[in-house]
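Written below as structure tokens is the structure these notes are about.
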Amino acid sequence: MAIADTNSIIFSYLVTQAPLVALVGRRIFTPRLPENATLPAISFFTRGGTSTPYIPGIPEPSVQFDCWADNPITARQVYCALYDALQGIQDITVGAYKILSAIEEVQGQDLVDVEIPNYFRTLTFFRIMVRAE
């Protein structure tokens, strides 16, 4: 059995969430924000997680999300829309797969990017369980 691309599954779900899309459009990137990206936007990547050899079709990645904007208020608004789209969802069909659950691991942290002037972000982590079989 091949391992499912959980990043593609998460992306496919997020671009269907109207309040989130109203803020960022399809500017949802993995694994990082492209240089000179239009803001606001979201970038995310799998930073680890768990799986079991007994149920290989149900990975549970831990995913880092960065909610980007040109000011801290908008970055926080993007985070709130992401939170509303993910927190506590259960049994959501995404194409041939299901997102069984999503739980925030770390609440949004407001950060200023010191390497990129005028880029603000709110950082959060979610554990997302996917049925990929």
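Here the contact order of the stretch 6-131, divided by its residue count and restricted to Cα pairs under 8 Å and six or more residues apart, works out to 24 percent.
For Arg26 and Ile103, the difference between the fully extended length at 0.36 nm per residue and the C-alpha to C-alpha distance is 25.4 nm.
Mind listing which chymotrypsin sites (Phe, Trp or Tyr not before Pro) in the stretch 1-87 are in a DSSP loop and have 10 or fewer other Cβ atoms within 10 Å? All intermediate terms of the calculation are to be shown ahead of the outcome.
Values: sites: Phe11, Tyr13, Phe29, Phe44, Phe45, Tyr54, Phe65, Trp68, Tyr79, Tyr83; in loops: Tyr54.
Passing both the DSSP loop test and the Cβ count: Tyr54.
Here the spin labels are modelled as points 7 Å beyond Cα on the Cα-Cβ line, and at Thr52 and Leu123 they lie 3.1 nm apart.
With n ≥ 4 as the cut-off for DSSP H runs, can you work out [θ] at 222 nm for the chain, using -39500 (n - 2.57) per run divided by the number of residues, rounded to the nearest 500?
Numbers: 3 runs with 31 residues, N = 133.
Mean residue ellipticity at 222 nm (helix-derived): -7000 deg cm²/dmol.
Counting neighbouring beta carbons within 10 Å and listing from fewest to most, the residues Asp70, Asp5 come out as Asp70, Asp5. A Förster radius of 30 Å, combined with the Cβ-Cβ distance separating Cys80 from Ser8, puts the computed FRET efficiency at roughly 0.75.
Give the percent of DSSP beta bridges with both residues in the chain that are antiparallel, rounded to the nearest 5.
Details: 33 of 35 bridges.
So the antiparallel bridges amount to about 95 percent of the total.
Farthest towards the positive end of the charge dipole of the chain, among the residues Pro61, Gly88, Ile9, is the Cα of Ile9, using unit charges on the Cβ of Lys, Arg, Asp and Glu. Each peptide in 115-127, 30-42 receives the mean, over its residues, of other Cβ atoms within 10 Å, and ordering these scores from highest gives 115-127, 30-42. Values [x] 22, 16, 14; [y] 26, 14, 13; [z] 58, 30, 10 are given for comparison; semi-axes √(5λ) of the Cα gyration tensor in Å, derived from the coordinates here, is the one labelled [y].
What is the distance in Å between the Cα centroid of the stretch 61-84 and that of the stretch 11-47? Taking the Cα centre of the stretch 11-47 as reference, the centre of the stretch 61-84 is 9 Å away.
Each value in this text was obtained by applying a stated rule to the coordinates, not by laboratory testing. Values in this document were obtained by computation on a predicted structure and should not be read as measured data. Positions of Cβ are backbone-derived with ideal geometry, glycine not excepted, and every protein chain shown enters the neighbour counts.
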